[in-house]
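Trainee: Input: one structure, supplied below.
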Amino acid sequence: MTVHNTPEESLIVVKNLCKSFDDRSDGVLNNISINIKKGDLVSLIGPSGCGKSTFLRCLNCLELLDSGYIRIGDVELSRGDISRRPDAKMLEASHKMRAEVGMVFQGYNNLFPHKTVMQNVTLAPRVVKKMPEAEARETSMRILKKVGLENVADKYPSTLSGGESQRAAIARALAMNPKVMLYDEPTSALDPELVGEVLQVMKDLDSEGMTQIIVTHEMQFARDASDYIVFIDKGEIVEYDDGDILFTKPKNNRTKEFLRHFKGTGTAVNY
């Protein structure tokens, strides 16, 4: 199934993406195709183990696709089948693609503990982009203000709350000026009262036109904030639609069964 945007108008184009692992006889991702326009906020929902996180890792080239095609901006990556070993050209493309995206992971303890928040955020621009220290600090402070952390720039991660740490991780990813932000259940490890502050950062970035793909179980957020929601099950895109439609009138029985578990949690499913 291909999401409705055309490749020509899309920042991200994925065609027939397949990925499997040695310990699974079935594919983790099976012929995933999706087109995502610049500025879209897309939520990926589905049961645990359905392939959502693997999809993000393929976009970030933390996992190299077995077969298929990915384009992010002007960077293309393709592979005919897994028997074709990654060559220098493919590896070069994967490095370029990784530079186009920022990724925030599930845990909020992945900052360098021996560095301050400012040092965490400035590290990659200084090392990877060879940005002068003064410029890196100025840019990073602007980003920290964007995520509401300008007052903790000189603090160490151990002194931060979970929500602050996750916002610092978002700032660190933004410091590389990515075209796309990817989030793998960024609020799942947070206490409930801290979830809102992280989700608000994503809403603010959406209002600024940042393209974002979020794996989430925060169904109310997915429904309210997403341009559209993609339901994945067993490595396949089963259904996608605007949140108000998907949550009230899902077309596929697999989608209906999944959403039944969320009745009574603020995301009413009426069908």
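The values are calculated or read from the model by the stated rules, or taken from the named source; none is laboratory data. Because the structure is a prediction, the values reported are computed rather than measured. Using ideal geometry, Cβ is built from the backbone for each residue, glycine included, and neighbour counts are taken over all protein chains shown. Quick note on the areas: whole protein, heavy atoms, side chains included, nothing else; ligands and nucleic acids left out. Shrake-Rupley method; radii C 1.70, N 1.55, O 1.52, S 1.80 Å.
Trainee: Filter the range 145-174 down to residues that are open to solvent by 10 Å² or more (accessible area, probe 1.4 Å) and in a loop (DSSP other than H, G, I, E, B), then give me how many there are.
Mentor: 6
Trainee: Another question, if that's okay. Looking for whichever is among the β-branched types (Val, Ile, Thr), open to solvent by less than 40 Å² (accessible area, probe 1.4 Å) and more than 23 Å from residue 158 (Cβ to Cβ) here; the options are 101, 128. Which one fits?
Mentor: 101
Trainee: While we're here: Only one of (1) small (Gly, Ala, Ser); (2) in contact (Cβ under 8 Å) with a residue 60 or more places away in the chain; (3) more than 24 Å from residue 12 (Cβ to Cβ) fails for residue 196. Which number is that?
Mentor: (2)
Trainee: Ok, one more. On the given criteria, is residue 214 farther than 23 Å from residue 125 by Cα, open to solvent by less than 50 Å² (accessible area, probe 1.4 Å), at pLDDT 95 or above and not acidic (Asp, Glu)?
Mentor: yes
Trainee: Go through the range 69-85 residue by residue and tally those that are surrounded by 13 or more Cβ atoms within 10 Å (Cβ to Cβ) and outside any strand (DSSP E or B). Write out each step before concluding.
Mentor: Residues of the range 69-85 that are surrounded by 13 or more Cβ atoms within 10 Å (Cβ to Cβ), as a first pass: 69-73, 75-79, 82.
Adding the requirement that they be outside any strand (DSSP E or B) leaves 73, 82.
Here the count works out to 2.
Trainee: I'd like to check which helices (runs of 4 or more DSSP H) are fully inside the range 209-263 and have at least 1 residues that are more than 24 Å from residue 180 (Cα to Cα) and not polar (S, T, N, Q).
Mentor: Result: 243-248, 253-260.
Trainee: So, one more: Would the range 137-148 turn up any residue that is over 20 Å from the mean Cα position of the chain (by Cα) and farther than 30 Å from residue 95 by Cα?
Mentor: So far as the range 137-148 goes, yes, one or more of its residues are over 20 Å from the mean Cα position of the chain (by Cα) and farther than 30 Å from residue 95 by Cα.
Trainee: Going by the structure shown, is residue 93 surrounded by 14 or more Cβ atoms within 10 Å (Cβ to Cβ) and over 16 Å from the mean Cα position of the chain (by Cα)?
Mentor: yes
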